[in-house]
Amino acid sequence: MTKVNNSNMQLPAHPGEVLREWMRGNGKTIAETATLLDAPTSQLNRVLAGKARLSATLALRLERIGWSTAEVWTRMQAAWELAAARRAEDAA
């Protein structure tokens, strides 16, 4: 079996990076967005920093306020996790 080297592949954007851009585009602060999403500011900060995953619950809340669909957010999270896992496997 041929091993594919993905170590030079750039990781796709973490959903938190995309969410931060949505917030900027809509003129929303972290506190305002956390309130809109009924989520703790600390949780949102961790997602925005790429230190926590964007949960399905948060994806549904983003959908509820009209920021794309939950499916888009969860696919984005899955793509980021898969790329990170591939990179880690290649480094091992």
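Only residues that are crowded, with 16+ Cβ neighbours inside 10 Å and within 20 Å of Lys28 (Cβ to Cβ) were counted in the range 64-76, giving 4. Among residues of the range 27-41 that are without any contact (Cβ under 8 Å) to a residue 60 or more places away in the chain and within 18 Å of Gly66 (Cβ to Cβ), those with a beta-carbon under 9 Å from a residue that is surrounded by 13 or more Cβ atoms within 10 Å (Cβ to Cβ) and among the basic types (Lys, Arg) at least six positions away or on a different chain give the pairs Leu36/Lys28; Leu36/Arg61; Leu37/Arg61; Asp38/Arg61; Ala39/Arg61.
Only one entry in Arg61, Arg24, Arg20, Arg87 is of a type in the set (D, E, K, R) and touching a residue at least 60 places away in the same chain (Cβ under 8 Å), namely Arg87.
No value in this document is a laboratory result; all are computed from the given coordinates. All figures in this text were calculated on a predicted structure; none of them were measured in a lab. Here the Cβ is made from the backbone with ideal geometry for all residues, glycine too, and neighbour counts use every protein chain on show.
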